[in-house]
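Here the structure is laid out as structure tokens; the discussion comes afterwards.
The values are calculated or read from the model by the stated rules, or taken from the named source; none is laboratory data. Model, not experiment: these values are computed from the prediction. Reconstructed Cβ throughout: ideal geometry from the backbone, glycine too, with neighbour counts over all protein chains shown.
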Amino acid sequence: MTWTTDNQKNLMLFSGRAHPDLAQAVADELGITLTPQTARNFANGEIFVRYEESVRGSDAFVIQSCPAPLNEWVMEALIMIDALKRGSAKRITAILPFYPYARQDKKHLGREPISARLVADLLQAAGADRIVSVDLHTDQIQGFFDGPVDHMHAQPILTDYIKSKYATDNIAVVSPDAGRVKVAEKWAHDLGDAPLAFVHKTRSNTEANKTVSNRVVGDVEGKDCVLLDDMIDTGGTIAGAVRVLKDAGAKKVIIACTHGVFSDPARERLSECGAEEVITTDTLPQSTEGWSNLTVLSIAPLLAQTIHEIFENGSVTTLFDRA
Ligand code: R5P
């Protein structure tokens, strides 16, 4: 006698508590519901998660964004993955639209950690089989996880918006530091082979979020500058870059970033720095309240397409071929 099953795969979507609106938007795009769960904290801060339905044999996708308090949400993601592993999910994909600790991807000095690698190790130990993230701080973070990493790009979402709103014939694309010039090259190509410039930035080795924007390399005089970055945290880097661009004769500065971390005093700095518009995505929860030049674009369709391609064994690469 043989035992047969219909072998049907079962896609299940789970949301951490950090950014439920994004997870709901992804579920809506896919036309599915989020799996109900109980999640709560003990008095001492310990996190408890239990799924309300069987997850056995599922192709499980856990969406967790990591705004502040970031460590709390990283821990919750690990606990959610552990619960799935112990509940016999068949495959677990951790979707971290904003990869936590991405800036700590190498040692600058002796006796420093490589925390981005540690996060990958923790995800692996918890039971994640695959990671999906958007605009990692550096590409090599993909290699920190010993399994598939789908590194998605928000570039088409951001550049399509810019093309719909600004004339591309006077645009210059500007990287806020030398490290992002390669990404800026792709943007420049996407924005009609626009000229490229970068800001020479120096960073403090002793203080977090402390940088100095020195000068612009490239011609930006009279240009509408699209200043891009993967993330804006306190806004120091970007506001400094806007200042040097204006000093160099830029006509307008349009800021575009994937991850709007916006820790204090970013709102103040970015509202007052003289930028025409600040464009970001909702990889992290956002509010435009009281901030007139902020535009938030949704990353949910991209994440939904990515989940669809992974589940159907399709091609994720086709989703970022333009980048
Ligand atoms: C650094 O290399 C990153 O790409 C960002 O430019 C930086 O982390 C932003 O931090 P802040 O907004 O605090 O200057």
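How many of the residues making up the stretch 206-246 are out of contact with any Phe, Trp or Tyr (no Cβ under 8 Å at 6 or more places or on another chain) and without any contact (Cβ under 8 Å) to a residue 24 or more places away in the chain?
3
Residues Gly240, Gly235: which one is near the ligand (Cβ under 10 Å from one of its atoms) and buried (at least 24 other Cβ atoms within 10 Å of the Cβ)?
Gly235
Gln24 passes all but one of (1) polar (S, T, N, Q); (2) touching a helix residue (DSSP H, G or I) at 6+ places or on another chain (Cβ under 8 Å); (3) surrounded by 16 or more Cβ atoms within 10 Å (Cβ to Cβ); which number fails?
(2)
Would you say Asp150 is assigned to a strand (DSSP E or B), away from the ligand (no atom under 11 Å from the Cβ) and surrounded by fewer than 22 Cβ atoms within 10 Å (Cβ to Cβ)?
yes
Given the structure, is Gly45 on the phi > 0 side of the Ramachandran plot, modelled with pLDDT of 95 or more and of a type outside the set (Phe, Trp, Tyr)?
yes
Each row is one residue, and each column tells you yes or no for (1) in contact with a helix residue (DSSP H, G or I) (Cβ under 6 Å, 6 or more places away or on another chain); (2) in contact (Cβ under 8 Å) with a residue 60 or more places away in the chain; (3) assigned to a loop (DSSP other than H, G, I, E, B).
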position: Ala18; (1), (2), (3): yes, yes, yes
position: Asp28; (1), (2), (3): no, yes, no
position: Thr38; (1), (2), (3): no, no, no
position: Arg50; (1), (2), (3): no, no, no
position: Pro67; (1), (2), (3): no, yes, yes
position: Glu72; (1), (2), (3): no, no, no
position: Glu76; (1), (2), (3): no, yes, no
position: Asp82; (1), (2), (3): yes, no, no
position: Lys85; (1), (2), (3): no, no, no
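Please go through the stretch 288-300 and pick out each residue that is closer than 19 Å to Gly16 by Cα and in a loop (DSSP other than H, G, I, E, B).
Result: Ser298, Ile299.
Can you find a residue that is touching a residue at least 60 places away in the same chain (Cβ under 8 Å) and surrounded by fewer than 17 Cβ atoms within 10 Å (Cβ to Cβ) anywhere in the stretch 110-132?
no
Starting from the stretch 167-178, keep only residues that are more than 11 Å from Lys252 (Cβ to Cβ) and hydrophobic (A, V, I, L, M, F, W, C), then list their pairs with residues that are within 15 Å of the ligand (Cβ to nearest atom) and at pLDDT below 95 whose Cβ atoms are within a distance under 8 Å, requiring at least 6 positions of separation or different chains.
Within 8 Å, the pairs are Ala178/His200; Ala178/Lys201.
Being surrounded by 14 or more Cβ atoms within 10 Å (Cβ to Cβ) and β-branched (Val, Ile, Thr) is the filter; apply it to the stretch 196-213 and report the residue that is nearest to the ligand (Cβ to nearest atom).
Thr211
So, in the stretch 125-144, how many residues would count as being part of a helix (DSSP H, G or I) and either modelled with pLDDT under 95 or β-branched (Val, Ile, Thr) (or both)?
So the answer is 1.
Of all residues in the stretch 255-285, which are under 22 Å from Val26 (Cα atoms) and either away from the ligand (no atom under 15 Å from the Cβ) or not in a loop (DSSP other than H, G, I, E, B) (or both)?
Cys257, Thr258, His259, Gly260, Ile279, Thr280, Thr281, Asp282, Pro285
Is one or more of the residues making up the stretch 69-76 under 21 Å from Ala25 (Cβ atoms), modelled with pLDDT of 95 or more and buried (at least 18 other Cβ atoms within 10 Å of the Cβ)?
Among the residues of the stretch 69-76, at least one is under 21 Å from Ala25 (Cβ atoms), modelled with pLDDT of 95 or more and buried (at least 18 other Cβ atoms within 10 Å of the Cβ), which makes the answer yes.
Among the residues of the stretch 276-295, what is the count of those that are under 16 Å from Asp233 (Cβ atoms) and crowded, with 18+ Cβ neighbours inside 10 Å?
7
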